[in-house]
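So that we are looking at the same thing, I have put the structure below in structure tokens.
The values are calculated or read from the model by the stated rules, or taken from the named source; none is laboratory data. Being a predicted model, the structure only gives us computed values, none of them experimental. Please note: Cβ atoms are built from the backbone with ideal geometry, for glycine as well, and neighbour counts cover all protein chains shown.
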């Protein structure tokens, strides 16, 4: 079933008077609807996504210590039993609601005719995906924003810490996005994770990425610090222009780049650079998604409401580096 067919079926199956119109999507429909939302995001195809059957889920983690090899003595038990370490982290989802409304005049008088309802539904599903990505990155329960205050996103979890403690935090002190920021981030990553260097990735916002690419146009020594790719590449939102010291750099448009600097004498807007494994970011969605369509008699409108449950977690904050206070260029 295509995404368009799915949304059309959602609208039809939730009409008032339809005996089956409870609004709860069947498992296959829910999975396809989740795919539709995630397709509208940059990170949905990169982070570790979980389709959850319950509102909370414990996730098993397996790790090993460093330097497990020991010298062996013939016929002697040295008594050193080291090996695999097991632990759990908890991923909890939070209930979210998306509302929209269409008047009967709009449905009757528009150029698209009956197709408008399905068109609007697709637009709202796309916007739901973008809002969920924004919340998952920038969520902060201390925020006054009605969307961002629902739960703490990856940034807040990384900086404030989880059960593992906080991520490795580097202060750029108001400097712009340069190779120095990337160099410091790589050096801050514990060496046990550098064995998996090819799986690491940098993440930053659109403006800082633009600052970086602009600086490259005047730099004749790109290869000297490991940059690969075209100097000014082409790409859609969320593209990867190349690599910094062999590690891909990923644009994430929802990164907040209007933050106030936390250093003395800070002015202007600031953003951040993340270094981690994409699969270290956990994004959970409970599979029961509800979409309800209802006719409001007194207003002569059709009201739509979508409910879903979403949550975020970081598997291991030790494998996460945040470079803060990077000033956005004018």
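Given the conditions (1) modelled with pLDDT under 90; (2) assigned to a helix (DSSP H, G or I), which single one is not true for residue 136?
Here residue 136 meets the rest and fails (1).
Something else now. Could you check, for the range 253-264, whether at least one of its residues is at positive phi and in the same structural domain as residue 208 (by TED's automatic domain parsing)? Full working, then the answer.
Initially, the range 253-264 is screened for residues at positive phi, giving none.
No, the range 253-264 contains no residue that is at positive phi and in the same structural domain as residue 208 (by TED's automatic domain parsing).
Here's another thing I want to ask about it. How many of the residues making up the range 53-91 are under 17 Å from residue 317 (Cα atoms) and at pLDDT below 80?
So the count comes out to 8.
I've got another one for you. So which of 187, 201 ends up being at pLDDT 95 or above and surrounded by fewer than 14 Cβ atoms within 10 Å (Cβ to Cβ)?
When all the criteria are applied, what remains is 187.
(1) at pLDDT below 75; (2) in contact with a helix residue (DSSP H, G or I) (Cβ under 7 Å, 6 or more places away or on another chain); (3) surrounded by 10 or more Cβ atoms within 10 Å (Cβ to Cβ): which one isn't true of residue 98, the others all being true?
Residue 98 satisfies all of (1) at pLDDT below 75; (2) in contact with a helix residue (DSSP H, G or I) (Cβ under 7 Å, 6 or more places away or on another chain); (3) surrounded by 10 or more Cβ atoms within 10 Å (Cβ to Cβ) except (1).
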